[in-house]
Amino acid sequence: MKILFATQNKGKAEEVKALFADSPFEIISLYDLGNSIDVPETGATFQENAHIKAKTIYKIYNVPVIADDSGLAIEQLDGRPGVYSARYAGEKCTYDDNNIKVITELKDFPEPHRAKFISYAVFYDGKNEIEAIGELNGRIIKEPRGKNGFGYDPIFIPDGFDKTISELELDEKNKISHRAKSIAQMKEQLMKLHERK
Ligand code: ITT
């Protein structure tokens, strides 16, 4: 089965393709198609936004879709940046701008700065709807480290590690990440759907 992954984020697209590599599902993303449709993420939660993305893209392409809405929640910042993770420092901000904003906001708080990544994935094919969630716990550091990954990866150290996610290789991130967990659950449910057909 071909599935359109509703993301324009190159990092997410690479991760999810690798996560589906050993499955009967073939993943193509909006990023691969060079499509820059602006889906308004107006929901108050990751769950709502993942549904909005999956259904909006399904209506346009009429093929099975997976969407992931994800982000970072920092305890000392009352869960921010949360659903605003992508544009935390403003409309056209870069990943560096977001990281600087987070580091600045944490300036007066004591360490450790506990945080978690959340990934909410939704599959929609016009009939079936599947949801899956994954989380990764860790802490924020104030000196970005590493070159891999994207977003907040250079300032996030997962529990049990002494490296930031940006210092891990893609296959290492894909063993532990919030997205690896949501997509693993999603794959399991998709296999059941696939076997019924
Ligand atoms: P799409 O909506 O096109 O998928 P996006 O980047 O806007 O791309 P989200 O709305 O889900 O995606 O926002 C997720 C943001 O949260 C993302 O831009 C990063 O800043 C952050 N984020 C999510 N997962 C992450 C990860 O694995 N590593 C680092 N940062 C992550």
>> Residues that are among the aromatic types (Phe, Trp, Tyr), crowded, with 16+ Cβ neighbours inside 10 Å and within 18 Å of Ala132 (Cβ to Cβ): does the stretch 25-38 have at least one?
In response: yes
> Residues in the stretch 52-70 that are crowded, with 23+ Cβ neighbours inside 10 Å and under 20 Å from Gly82 (Cβ atoms): how many?
Replying inline: 6
> Which number in (1) assigned to a helix (DSSP H, G or I); (2) away from the ligand (no atom under 13 Å from the Cβ); (3) among the small types (Gly, Ala, Ser) marks the one condition that Gly160 misses?
Replying inline: (1)
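Among the residues of the stretch 124-146 satisfying the criterion of being over 16 Å from Ile74 (Cβ atoms) and among the basic types (Lys, Arg), which is farthest from the chain's Cα centre (by Cα)?
Ranking the candidates gives Lys127 first.
Hand me the list of strands (runs of 3 or more DSSP E) wholly inside the stretch 1-80 holding 3 or more residues that are modelled with pLDDT of 95 or more and within 10 Å of the ligand (Cβ to nearest atom). I'd like the intermediate steps shown before the answer.
Working: elements: 2-5, 26-29, 65-74.
Those strands (runs of 3 or more DSSP E) span 65-74.
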> Restricting the first residue to the stretch 12-41 and requiring it to be of a type in the set (S, T, N, Q), which pairs with a second residue that is within 11 Å of the ligand (Cβ to nearest atom) meet a Cβ separation below 7 Å and a spacing of at least six or different chains?
Replying inline: Ser29/Phe5; Ser29/Thr7; Ser29/Ala13; Ser36/Gln8
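Residue by residue, here is whether (1) in contact with a strand residue (DSSP E or B) (Cβ under 6 Å, 6 or more places away or on another chain); (2) surrounded by 15 or more Cβ atoms within 10 Å (Cβ to Cβ) holds:
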{"site": "Asn128", "(1), (2)": "no, no"}
{"site": "Ala132", "(1), (2)": "yes, yes"}
{"site": "Ile165", "(1), (2)": "yes, yes"}
{"site": "Glu169", "(1), (2)": "no, no"}
{"site": "Glu172", "(1), (2)": "no, yes"}
{"site": "Ser177", "(1), (2)": "yes, yes"}
{"site": "Met186", "(1), (2)": "yes, yes"}
{"site": "Met191", "(1), (2)": "no, no"}
{"site": "Glu195", "(1), (2)": "no, no"}
> Of the residues that sit in the stretch 125-151 and are among the small types (Gly, Ala, Ser), touching a Phe, Trp or Tyr at 6+ places or on another chain (Cβ under 8 Å) and not in a strand (DSSP E or B), which one is farthest from Met191 (Cα to Cα)?
Replying inline: Gly151
> Out of the stretch 97-124, which residues are in contact (Cβ under 8 Å) with a residue 12 or more places away in the chain and assigned to a helix (DSSP H, G or I)?
Replying inline: Asn98, Asn99, Lys101, Val102, Ile103, Glu105
>> Within the stretch 52-66, does at least one residue satisfy the condition of being touching a Lys or Arg at 6+ places or on another chain (Cβ under 7 Å) and free of Cβ contacts under 8 Å to residues at least 60 places away in the same chain?
In response: no
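The values are calculated or read from the model by the stated rules, or taken from the named source; none is laboratory data. Please read all numbers here as calculations on a predicted model, not as lab measurements. Note that each Cβ is placed from the backbone with ideal geometry, even for glycine, and that neighbours are counted across all protein chains shown.
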